[in-house]
1. Which residue pairs have Cβ atoms closer than 9 Å, lie 6 or more positions apart in sequence or on different chains, and pair a first residue in the stretch 340-369 that is under 21 Å from Arg86 (Cβ atoms) and surrounded by fewer than 23 Cβ atoms within 10 Å (Cβ to Cβ) with a second residue that is at pLDDT below 90 and of a type outside the set (D, E, K, R)?
2. Residues being crowded, with 16+ Cβ neighbours inside 10 Å and in contact with a Ser or Thr (Cβ under 6 Å, 6 or more places away or on another chain): count how many of those fall in the stretch 296-315.
3. For Met70, are the conditions met, namely being open to solvent by 10 Å² or more (accessible area, probe 1.4 Å) and modelled with pLDDT of 95 or more?
4. Condition first: hydrophobic (A, V, I, L, M, F, W, C), under 15 Å from Leu97 (Cβ atoms), touching a residue at least 40 places away in the same chain (Cβ under 8 Å) and open to solvent by less than 50 Å² (accessible area, probe 1.4 Å). Now tell me which residues in the stretch 241-267 satisfy that.
5. Could you please find all residues in the stretch 191-240 being under 28 Å from His96 (Cβ atoms) and touching a residue at least 60 places away in the same chain (Cβ under 8 Å)?
6. Might you let me know whether the stretch 124-143 holds any residue that is touching a Gly at 6+ places or on another chain (Cβ under 6 Å) and closer than 16 Å to Phe338 by Cβ?
7. So, in the stretch 310-330, how many residues would count as being modelled with pLDDT under 95 and either in a helix (DSSP H, G or I) or not aliphatic (A, V, I, L, M) (or both)?
8. Suppose we keep only residues that are over 19 Å from Glu69 (Cα atoms) and aliphatic (A, V, I, L, M) within the stretch 86-119. Which one would you say is surrounded by the most Cβ atoms within 10 Å (Cβ to Cβ)?
Amino acid sequence: MLIGVPKEVKDHESRVGIVPAGVKALVDAGHKVLVQAGAGELSSMPDSEFKHAGAEIVSSAAEVWSRAEMIVKVKEPIESEFPMFRDGLLIFTYLHLAPLPKLTDQLLSKNVTGIAYETIRDKHNRLPLLTPMSEVAGRMSVQVGASYLEKERGGRGVLLGGVPGVPPAQVCVIGGGIVGTNAAKIALGMGALVTLIDLNLDRLRELDDIFNGRVYTVSSNSYNIAKAVKHADLVIGGVLIPGAAAPKLVTKAMVKDMKPGAVIVDVAIDQGGCIETAHPTTHSNPSFVVDGVVHYCVTNMPAAVPHTSTLALTNATFPYVMKLAQHGLAAVKSDPGFSDGVNTYHGHVTCAGVAQSQNRPLKSVAELL
């Protein structure tokens, strides 16, 4: 198979879809890899490393897109890339289609097969390709939140861990999954008081054991969320419904009731966000203020630490890249969890969460292949 790796074009997106080690493995297996010049530079992976691994370095994105049978990316294609879609092309990347009807329209109209990292499941029903970036984003959310609590960045002027004689900040983490668990871990490590909210009582029991009772675990309902958010200095939104838009658990009224200078980091913004006042932002313009509350809603947070993020992501994605290279779409037939990653195929939406969020008809992959 001819695999293409274009340079990412989303604002300040500095990760790359395949690393030199992956290129070598694909070439050794008899495949050909095209890498756009500079694609890995911001992840500290220069063209020379890709070339040494056996990649062909090409000067333009257009050449990568036009020649490749499969495009391997990190982030969802943006409008400047839509003209390069074509019938029969396979794109393997984070798609996050639920809040992106325009991208969905383009994939469907051009008969592009879109396989999304974030909806692939493993045999334990986990999301193995979302996990590494959720780990990064969860840990980063506390670093970012601590920074924005500083007065010069619009925050309350609160040090997350406090000092002797002065109480630490209160951190409210909504969602006890990978993002929430990693956020709680870092917040605790920095000395904050942490409240973690989740709907699943069994998960709360697990988290109570994991953190040895040092995190306050709270059952999720609107009353408890409103109470926790009101007293929080930092709120981290980490709610995920795979493939679907995130529920708006923190309402405008709750935000209005928060402390002036409090900070919200909505990690769920890729899927529309779980804070009603949130909207997507970029690394160039990362924050905004609503009712005196600072909102940080960057949709590609892990791009701020691209070397770590690229290695963590490709460790998880590469086995699937190799399966697609070796077997094409037949690779998903024998693996129901891999099949869950197919979001669009032959002009149809094949992911239930996307179909529901955009009110589109759903076709199963099994009946189309």
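The values are calculated or read from the model by the stated rules, or taken from the named source; none is laboratory data. All of these numbers come straight from a predicted model, not from anything done at the bench. Reconstructed Cβ throughout: ideal geometry from the backbone, glycine too, with neighbour counts over all protein chains shown. Remember, those area values only see protein heavy atoms, side chains included, never the ligands or the DNA or RNA. Shrake-Rupley method; radii C 1.70, N 1.55, O 1.52, S 1.80 Å.
1. Pairs that qualify, where the first residue is under 21 Å from Arg86 (Cβ atoms) and surrounded by fewer than 23 Cβ atoms within 10 Å (Cβ to Cβ) and the partner is at pLDDT below 90 and of a type outside the set (D, E, K, R), are His346/Leu368; His348/Leu368.
2. So the count comes out to 7.
3. Details: open to solvent by 10 Å² or more (accessible area, probe 1.4 Å): no; modelled with pLDDT of 95 or more: yes.
It is false that Met70 is open to solvent by 10 Å² or more (accessible area, probe 1.4 Å) and modelled with pLDDT of 95 or more.
4. Ala244, Ala245
5. Passing the criteria: Ala232, Leu234, Val235, Ile236, Gly237, Gly238, Val239, Leu240.
6. There is no residue in the stretch 124-143 that is touching a Gly at 6+ places or on another chain (Cβ under 6 Å) and closer than 16 Å to Phe338 by Cβ.
7. Kept after step one, since they are modelled with pLDDT under 95, are these residues of the stretch 310-330: 328-330.
Still in the list and also either in a helix (DSSP H, G or I) or not aliphatic (A, V, I, L, M) (or both): 328, 330.
Of the residues in the stretch 310-330, 2 are modelled with pLDDT under 95 and either in a helix (DSSP H, G or I) or not aliphatic (A, V, I, L, M) (or both).
8. Taking the stretch 86-119 as the starting set, the residues that turn out to be over 19 Å from Glu69 (Cα atoms) are 96-105, 118-119.
Next cut, aliphatic (A, V, I, L, M) only: 97-98, 100, 103.
Details: Leu97: 28, Ala98: 26, Leu100: 21, Leu103: 21.
Across the stretch 86-119, the extreme among qualifying residues is Leu97.
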